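Notes follow the structure.
Readers should treat all values here as calculations from the given coordinates under stated rules, not as data from a laboratory. Predicted model only: the values in this text are computed from it and were never measured. FYI the Cβ positions are ideal-geometry reconstructions off the backbone, even for glycines, and counts take in every protein chain you see.
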Amino acid sequence: MGYGNPFGKAVLYTIVLFAVTHLAVSFFAGMWNGDTTLANMFHVLGLDLIWPELGKGALNSVFGVILIVGAWITIGCTLHWRDVTADKKRAASKHKGK
């Protein structure tokens with residue numbers, strides 16, 4: 001993440017920690033109770049408050065997992081592209097200075 005305010009990073013890491021904990025508890029509670037709506041990402045994210053049908057059914061649970069995996073892949077690819085681009089710029093600036 002580079003240099004920056006450690007308290008700003010702490011906020012980000014705290015949000016990630018509690019989000020992962022929330023998702024894990026929802027998943028395991030859903031498995032324990034046999035209730036797929038507890039682990040449905042649309043329900044976990046609260047989108048079923050806007051569109052109630054999203055929080056119901058096994059198919060919507062599968063779509064929720066696809067949404068999360070798609071977001072993970074998109075973010076991972078974006079961060080990888082950003083790092084590769086930064087490395088190329090860094091190498092070009094070092095080469096230019098010689």
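Looking across the stretch 12-35, the residues that are more than 14 Å from the chain's Cα centre (by Cα), loosely packed, with under 12 Cβ neighbours inside 10 Å and outside any loop (DSSP other than H, G, I, E, B) come down to 32, 33. Restricting to helices (runs of 4 or more DSSP H) lying wholly in the stretch 36-98: which have 1 or more residues that are in contact with a Leu (Cβ under 8 Å, 6 or more places away or on another chain)? Of the helices (runs of 4 or more DSSP H) lying wholly inside the stretch 36-98, those with at least 1 residues that are in contact with a Leu (Cβ under 8 Å, 6 or more places away or on another chain) span 41-44, 58-97. Kindly indicate whether residue 8 is among the small types (Gly, Ala, Ser) and surrounded by 13 or more Cβ atoms within 10 Å (Cβ to Cβ). No; evaluated as a whole, the condition is false for this residue.
Listed by first and then second residue, the pairs linking a residue in the stretch 37-48 that is within 14 Å of residue 19 (Cα to Cα) to a residue that is of a type in the set (Phe, Trp, Tyr) and assigned to a helix (DSSP H, G or I), with Cβ atoms under 6 Å apart and 6 or more places separating them unless they lie on different chains, are 39/27.
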